[in-house]
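Here is the structure we will look at, set down as structure tokens.
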Amino acid sequence: MKRRIVPGEVSTKDLHQYLLGSVSPRPIAFVSTIDEDGNHNLAPYSFFNAFSSNPPIVVFSSNRRVADNTTKDTLHNIKLNKECVISAVSHDIIRQMALTSVEFAAGDSEFAATGLTPSASETVSVPGVEESPVNMECKVKDIITLGDHGGAGHLIICEVQIMHISEDVLEDDRIDPHKIDLVGRMGRSYYVR
């Protein structure tokens, strides 16, 4: 027997968990942005994937908070300057990545709070995460708002301008999945290597 889950008949919070537990593992975009005062922001998003190679397009979604229907600093910053850096999350930095998902006050740097190092970018004003094995400097092509209620996503469509890949994870000019050692998000607070 299977349980019937009908959107609208269960709470958004519960539906969210059913979706996340069913669509997993999900890659994690470790997104860095910058605000109007030059403050760095860093946040993880597991609604993320690659959608095109030519042009190189990656997409992530920044959802409205279910509790109070507010949006996150990442979305504010991206609307402001249309750029971000998406860094890959390897097992080595999973603890720092998890810490950045905690609510920090606007303007507080998650880089400073986690001990991660901002690395200068070439094509955008936003830094990447030095400890990450891959950084993708991105210009935002479009933001598609999927709704205006708590839990609604904003698809952020990013065109990769340049990638920085650690030589340590390459084997014969390809990324070795064992060397890069990425983590994926499962349901709730579970991750997979």
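Just a few scattered comments:
- Within the chain, helix-based [θ] at 222 nm, where runs of 4 or more DSSP H residues each add -39,500 (n - 2.57), nearest 500: -4500 deg cm²/dmol
- Principal axis extents of the C-alpha atoms in region 50-193 (largest first, rounded to whole Å): 47, 33, 28.
- Under 17 Å from the Cα of residue 82 - lysines, other chains or at least 8 residues apart: 72, 139, 141
- Apportionment of accessible area to carbon and sulfur, region 47-148, percent (1.4 Å): 51 percent
- Multiplying the residue separation of residue 155 and residue 9 by 0.36 nm and removing their Cα-Cα distance gives an extension gain of 50.1 nm.
- Once the chain from residue 113 to residue 66 is taken as fully extended at 0.36 nm per residue, the excess over their C-alpha distance is 14.4 nm.
- Computed from label points 7 Å out along Cα-Cβ, the spacing between residue 81 and residue 167 is 3.0 nm.
- Taking a straight line from the alpha carbon of residue 179, these aspartates and glutamates sit under 15 Å away, with near neighbours fewer than eight places off in the same chain left out: 92, 131, 167, 168, 171.
- Two-site FRET efficiency, residue 92 against residue 53, from Cβ-Cβ distance with R₀ of 25 Å, rounded to 0.05: 0.40
- Taking 0.36 nm per residue of separation and subtracting the current Cα-Cα distance, fully stretching the chain between residue 148 and residue 175 would add 5.8 nm.
- Charge dipole (debye, nearest 20) of region 1-130; +1 at Cβ of Lys and Arg, -1 at Cβ of Asp and Glu: 860 debye
- 5 angstrom amide H check on residue 162, placed H, neighbours 5+ away: 137
- Farthest toward the positive end of the dipole of the chain, out of 123, 11, 134, is the Cα of 11, where the dipole comes from beta carbon charges about the Cα centre.
- Annotation for region 35-112 versus region 152-193: alpha-carbon center distance of 14 Å.
- Per DSSP, loop GluC sites (Glu not before Pro) in region 86-140 with at most 10 further Cβ within 10 Å: 103, 122
The values are calculated or read from the model by the stated rules, or taken from the named source; none is laboratory data. Please read all numbers here as calculations on a predicted model, not as lab measurements. Positions of Cβ are backbone-derived with ideal geometry, glycine not excepted, and every protein chain shown enters the neighbour counts. All accessible areas refer to the heavy atoms of the entire protein, side chains included, with ligands and DNA or RNA removed. Shrake-Rupley method; radii C 1.70, N 1.55, O 1.52, S 1.80 Å.
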